[in-house]
Amino acid sequence: MSQPPAQDNDAFIDYGALRALVVDDSPGMRNALRLTLSNFGITKIQMVANAAEAIFQIKNRSYDFILCDFNLGVGRDGQQLLEELRHGNLIALETVFMMVTAESYYEKVVATAELAPDDYMIKPFSAELLCSRLTGILLRKRAFRDVYWHFQAQDLEASITACDALIHNKPKYAVDALRFKGELLVALGRFEEAEALYQQVVSMRAIPWARLGLARALHLQKKNEAAEEELRDVLERAPEMVAAYDLLSDVCLEKKDVAAAQEALEKGVAISAKTVRRQQKLGEVAYGNGDLDTARTAFDNVLEKGRHSIFVTPADFGNLCRVQLEQGDLEAVADTLKKNKSTLQANPEGQLVMAVTQSIAHTRTGNLSEAAKALDVVAGLRADGTRGDAQLMLDLAGACMANGRHEEADAVVAEVARNAHDSEALLAKAKRLYDEAGRTDAGASVLASATGDVRKLNNEGVVLAQRGDYKTAVEKLLTACSEAPYNPRILMNAVWVILKYIDQVGMDETMIETARTQLREAERQAPGHPRLAGLRLQMKDVETRFGIQRKAVR
Amino acid sequence: MKFDGTDFYAALIHELKNNLGVLSMTLERIPLLGEAEHDASVDSARLLCQNVVDRLHQALLIYKAANQPIHPVLDAYSPHDLVQEIAAGAKALAHGRLHVETSIAGDTPILWFFDRDLVEMALLNAIHNALTHARSTIRIEAEMEAGCLALRVRDDSPGYPEHILESVADGRPYAATGTGLGLQFARLIARSHDNRGRLGELRLGNDSGAVFSLLLP
């Protein structure tokens with residue numbers, strides 16, 4: 001086992017060695033902040049005016065301290081910058097990120113969010129206050145050095161052990177260590193232990209993040225009644241806590257109480273409309289509920305508020321257009337496409353959204369020759385390997401059918417069905433398309449053969465694996481993967497079987513590399529899926545036992 | 001903890017706007033003389049005035065949510081760090097004119113649960129009072145009292161006038177002016193901290209100077 005570097009216990013912080021990045025759109029403020037920082041000895045200061053410049057600098061060299069104004073004028077705001085940095089792993093856990101804000105309300109919105117800064121400063125603030133806050137965070141991060149080191153080496157077990165050491169030996173950081181440990185336990189799928197941990201914190205004091213953590217741990221164990229009760233009580237005491245609404249909507253969705261899920265998201269949006277992912281979810285849930293007006297407003301907001309967010313994808317344009325089409329508002333569709341033309345043209349996925357939407361709009365107005373042209377564009381994009389989300393692909397299938405291109409439609413539906421063989425909602429929507437086109441029987445056979453092939457390969461693989469014939473099981477599941485490359489469940493089964501196979505016959509470099517690729521793909525397609533943590537752990541275990549040490553990212 | 005009384009709100013706005021208007025005009029009237037020491041103090045006074053203006057903005061944001069109760073966002077913080085932080089701020093504002101001391105009793109816990117921003121805001125009110133009235137020394141203290149974390153600001157001023165002690169003691173809303181405003185607000189912040197039904201308290205007293213105590217359950 002490699003060891004983290006020796007601990008430096010000295011409470012001295014060498015500000016002269018600290019590399020700082022100041023992000024503020026006002027030159028006067030930048031200068032004032034630079035003077036403030038130099039007051040307590042920080043001299044290596046890079047100053048930038050906006051998020052794009054900040055990202056450029058951060059990609060070029062690492063910073064120990066980023067001081068960022070929340071309001072950056074046009075373009076991304078400070079929170080969007082932070083989300084992009086954390087999401088893209090552009091800053092290490094050791095880097096201090098502090099947000100400067102003019103309003104004390106910001107804290108209420110982000111305090112319990114997963115993408116919170118290390119701290120925030122309410123303007124105006126004194127150099128002394130900034131210095132003492134920064135010192136506090138730097139010392140805390142120094143105390144967490146082992147925890148972070150193991151975490152970044154993906155050795156979550158060791159990271160937990162390091163948290164335990166802090167809990168026992170450094171009472172000042174005990175609560176912070178409990179918080180980090182709770183997240184590790186959840187990442188490892190050890191929800192029961194996470195529940196106990198949060199319960200322990202709550203019994204000290206019912207602090208918001210612990211109550212949310214408790215509700216999440218309950219939800220992940222499918223104890224949704226208890227989770228809902230906890231969340232409703234949290235919200236009664238602190239109705240402005242947006243993260244609780246997000247979790248409540250997940251709980252309600254799992255309980256199939258879609259109306260309550262929508263209501264929770266609407267309340268969250270009313271408090272903080274800026275979060276793109278909340279708006280996306282509200283749009284999806286409202287669309288599923290048939291509440292097109294709410295869905296349209298939400299999807300509109302996604303594009304409006306998220307103009308500079310990395311979380312906006314071509315699918316969001318498709319979602320808005322779909323609602324506008326269903327409302328029969330063709331003018332709005334044309335407007336959406338026109339306004340966002342350059343964004344959509346910039347990549348094949350965007351072009352696909354545009355062409356599919358145009359094909360449907362032209363079909364509606366009876367302009368079949370234009371519709372055919374659009375569908376030809378789509379066919380070209382698909383031939384080059386461009387794909388859209390399942391909803392868009394089903395829209396496409398509908399347009400193909402309406403234009404008599406049934407073979408294309410069947411191929412598209414089959415692809416969707418293979419990749420979503422276990423999604424009732426999508427399969428039902430596909431079935432409806434065939435019903436409406438008067439091709440119910442054809443649809444049944446397309447769906448049966450598409451899902452059947454994958455299901456059969458998958459089930460055979462799983463049965464073989466259970467019998468201990470991992471070699472054949474691997475073959476079956478890898479075939480299933482190539483049939484359904486966007487089906488996270490199949491991908492995860494393949495990873496599981498490959499790891500079992502290696503367990504049985506010994507290390508196989510090609511196989512483990514395949515498993516790594518599939519696991520990464522599954523993580524990309526189904527982030528946060530409860531099975532992922534366990535698989536990651538098994539992967540780690542196999543790697544350790546067969547002596548593969550992946551280099552820690554330092 | 002519900003913030004009660006639109007009258008109080010109106011009085012606050014009125015009072016602060018008037019005072020700030022007068023203050024900033026007064027400051028603007030002081031001419032710069034091209035003499036380093038004089039000009040520097042004028043500058044710092046203007047800066048401080050700006051600081052107060054901005055503080056008003058903060059306060060207004062909180063009062064904006066006045067129809068809702070104050071919801072503290074609790075987390076674990078170090079009372080030791082808080083005392084040092086407040087002291088550092090007080091020293092900067094005192095510009096060496098007053099002596100700023102700290103004292104942390106041995107029984108002060110390593111961590112305590114409170115809303116740091118709200119508590120800081122309450123203590124800053126006390127610091128501003130002390131800066132105005134203290135003769136030579138301000139003292140910031142932490143200790144345990146009856147199961148609560150007590151955060152205190154002491155000074156060697158003549159102490160709080162009787163009517164302020166009374167009004168804060170019985171918590172009755174009144175046409176507060178000056179010092180009373182900040183104290184009423186500090187009381188609301190204290191009482192918004194609720195630990196299983198036990199509410200925080202603001203206690204004022206005179207003990208060879210004014211003693212401002214925030215008790216957090």
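The values are calculated or read from the model by the stated rules, or taken from the named source; none is laboratory data. In this text the structure is predicted, and so the values were computed from the model without any measurement. Here Cβ is always computed from backbone atoms with ideal geometry, including for glycine, and neighbour counts include all displayed protein chains. Just so you know, the surface numbers come from the protein's heavy atoms only, side chains and all, with ligands and any DNA or RNA stripped out. Shrake-Rupley method; radii C 1.70, N 1.55, O 1.52, S 1.80 Å.
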Checklist entry - Under a plain spin-label model, where a point goes 7 Å from the Cα along Cα-to-Cβ, how far apart in nm are A:LYS338 and B:ALA105? => result 7.3 nm
Checklist entry - Which whole-Hz couplings ³J(HN,Hα) result when phi for each residue of segment A:257-269 is put into the Karplus expression 6.51 cos²θ - 1.76 cosθ + 1.60, θ = phi - 60°, listed in order with x for Gly and Pro? => result 9, 5, 5, 5, 4, 5, 4, 4, 5, 5, 5, x, 5
Next on the checklist: I'd like the carbon and sulfur percentage of the solvent accessible area for the protein assembly as shown, probe radius 1.4 Å, heavy atoms only, ligands and nucleic acids excluded.
Outcome noted: 52 percent
Item to check | Fraction of alpha-carbon pairs over 17 Å apart in segment A:143-274 - percent | outcome: 61 percent
Item to check | Most to least accessible of B:MET144, A:MET99 (protein chains only, probe 1.4 Å) | outcome: B:MET144, A:MET99
Checklist entry - List the aspartates and glutamates whose alpha-carbon lies under 19 Å from that of A:LYS339, not counting same-chain residues fewer than 8 positions away? => result A:ASP300, A:GLU304, A:ASP316, A:ASP329, A:GLU331, A:GLU349
Checklist outcome for this item: Set A:LYS267/A:LYS305; A:LYS59/A:LYS338; A:LYS476/A:LYS500; A:LYS267/A:LYS338; A:LYS59/A:LYS281, cut-off 22 Å on Cα-Cα distance; pairs above it are A:LYS59/A:LYS338; A:LYS267/A:LYS338; A:LYS59/A:LYS281
Checklist entry - Using only Cα atoms, what is the ratio of the radius of gyration of the protein assembly as shown to 2.2 N^0.38 Å? => result 1.10
Item to check | Distribution of pairwise C-alpha distances over segment A:435-509, 10 Å bins, in % | outcome: 21, 40, 22, 11, 5, 1
Checklist entry - Computed over the Cα atoms of segment A:393-524, what is the ratio Rg over Rh, Rh following Kirkwood? => result 1.09
Checklist outcome for this item: Rounded to the nearest 10 Å², the accessible area of A:SER126 using a 1.4 Å probe with every protein chain kept is 40 Å²
Checklist entry - What's the center-to-center distance, using Cα atoms, between segment A:137-214 and segment A:27-85 in Å? => result 29 Å
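Might you tell me the accessible area per residue for the protein assembly as shown, computed with a 1.4 Å probe and given in Å²? Walk me through the numbers before you get to the answer.
Working: 35150 Å² over 771 residues.
Accessible area per residue: 46 Å².
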Item to check | Residues in segment A:172-197 occluded by at least 40 Å² - accessible area, probe radius 1.4 Å, against chain by itself | outcome: A:LYS172, A:VAL175
Next on the checklist: Which three extents, in angstrom, do the Cα atoms of segment B:75-216 have along their principal axes, listed largest first?
Outcome noted: 37, 35, 24
Checklist entry - From the phi of every residue in segment A:74-88, what ³J(HN,Hα) in whole Hz does the Karplus formula 6.51 cos²θ - 1.76 cosθ + 1.60 yield, where θ is phi - 60° and glycine or proline is x? => result 5, x, 5, 8, x, 5, 5, 4, 4, 4, 5, 5, 6, 4, x
Checklist entry - Can you pull the percent of Cα pairs in segment A:56-101 with separation above 13 Å? => result 55 percent
Checklist entry - Got a sec to turn the phi values of segment A:20-25 into Karplus ³J(HN,Hα) couplings, 6.51 cos²θ - 1.76 cosθ + 1.60 with θ = phi - 60°, whole Hz, x for Gly and Pro? => result 10, 10, 9, 10, 7, 7
Item to check | Where a label projected 7 Å from the Cα of B:ALA40 along Cα→Cβ would reach, residues of segment A:31-68 with amide N under 17 Å | outcome: A:36, A:39-40
Checklist entry - How high is the FRET efficiency between A:LEU139 and B:GLU166 when r is their beta carbon distance and R₀ equals 41 Å, given to the nearest 0.05? => result 0.40
Next on the checklist: Between A:ALA92 and A:ARG364, what is 0.36 nm times their sequence separation minus the Cα-Cα distance? Round to one decimal in nm.
Outcome noted: 92.8 nm
Checklist entry - Based on the Kirkwood radius over alpha-carbon pairs, what value in µm²/s does the Stokes-Einstein equation return for the translational diffusion coefficient of segment A:255-382 at 25 °C and 0.890 mPa s? => result 162 µm²/s
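Using just the helices of the protein assembly as shown, give the 222 nm mean residue ellipticity in deg cm²/dmol: DSSP H runs with n ≥ 4 each add -39,500 (n - 2.57), and the total is spread over all residues, rounded to 500.
-20500 deg cm²/dmol
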Checklist entry - For segment A:460-545, what is the largest minus smallest coordinate of the Cα atoms on each principal axis, given in angstrom and ordered from greatest to least? => result 30, 29, 21
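Students sometimes get this wrong: rank A:GLU408, A:GLU304 by accessible area, probe 1.4 Å, all chains present, largest first. Working shown, then result.
Details: A:GLU408 60, A:GLU304 110 Å².
Sorted by accessible area, descending: A:GLU304, A:GLU408.
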Checklist entry - Relative to the isolated chain, which residues of segment A:122-168 have their accessible area cut by 20 Å² or more in the presence of all protein chains (1.4 Å probe, heavy atoms, no ligands or nucleic acids)? => result A:ILE122, A:PRO124, A:GLU128, A:LEU129, A:SER132, A:ARG133
Checklist entry - Put +1 on the Cβ of every Lys and Arg and -1 on every Asp and Glu Cβ in segment A:213-369; which of A:GLN221, A:ALA332, A:TYR245 then has its Cα farthest towards the positive end of the dipole? => result A:ALA332
Checklist entry - When the accessible area of each residue in segment B:71-87 is compared between its chain alone and the complete protein assembly (1.4 Å probe; ligands, DNA and RNA ignored), which residues differ by at least 40 Å², being lower in the assembly? => result B:HIS71, B:VAL73, B:LEU74, B:ASP75, B:GLU85
Checklist outcome for this item: Taking placed amide H atoms and a strict 5 Å upper bound, the residues 5 or more places from B:GLY159 or on another chain that come that close are B:ALA210
Item to check | Beta bridges by DSSP in the protein assembly as shown, antiparallel share as percent, to the nearest 5 | outcome: 50 percent
Checklist entry - Quick one: net charge of A:ASP422's neighbours, Cβ under 10 Å, K/R +1, D/E -1? => result +1
Item to check | Cleavage-rule hits, trypsin sites (Lys or Arg not before Pro), segment A:199-284, DSSP coil, Cβ neighbours within 10 Å at most 11 | outcome: A:LYS256
Checklist entry - Which aspartates and glutamates, on any chain, are close to A:LYS540 with Cα under 12 Å apart, when same-chain ones fewer than 8 places away are left out? => result A:ASP155, A:GLU157
Next on the checklist: If you take the accessible area of B alone plus A alone and subtract the pair, what total do you get in square angstrom, rounded to 100, with a 1.4 Å probe?
Outcome noted: 2500 Å²
Item to check | Whole-Å semi-axes of segment A:305-454's equivalent ellipsoid (Cα gyration tensor) | outcome: 25, 18, 14
Checklist outcome for this item: As straight-line cross-link partners of B:LYS91, the qualifying lysines (C-alpha separation under 26 Å, not fewer than 8 residues apart within one chain) are A:LYS123, A:LYS172
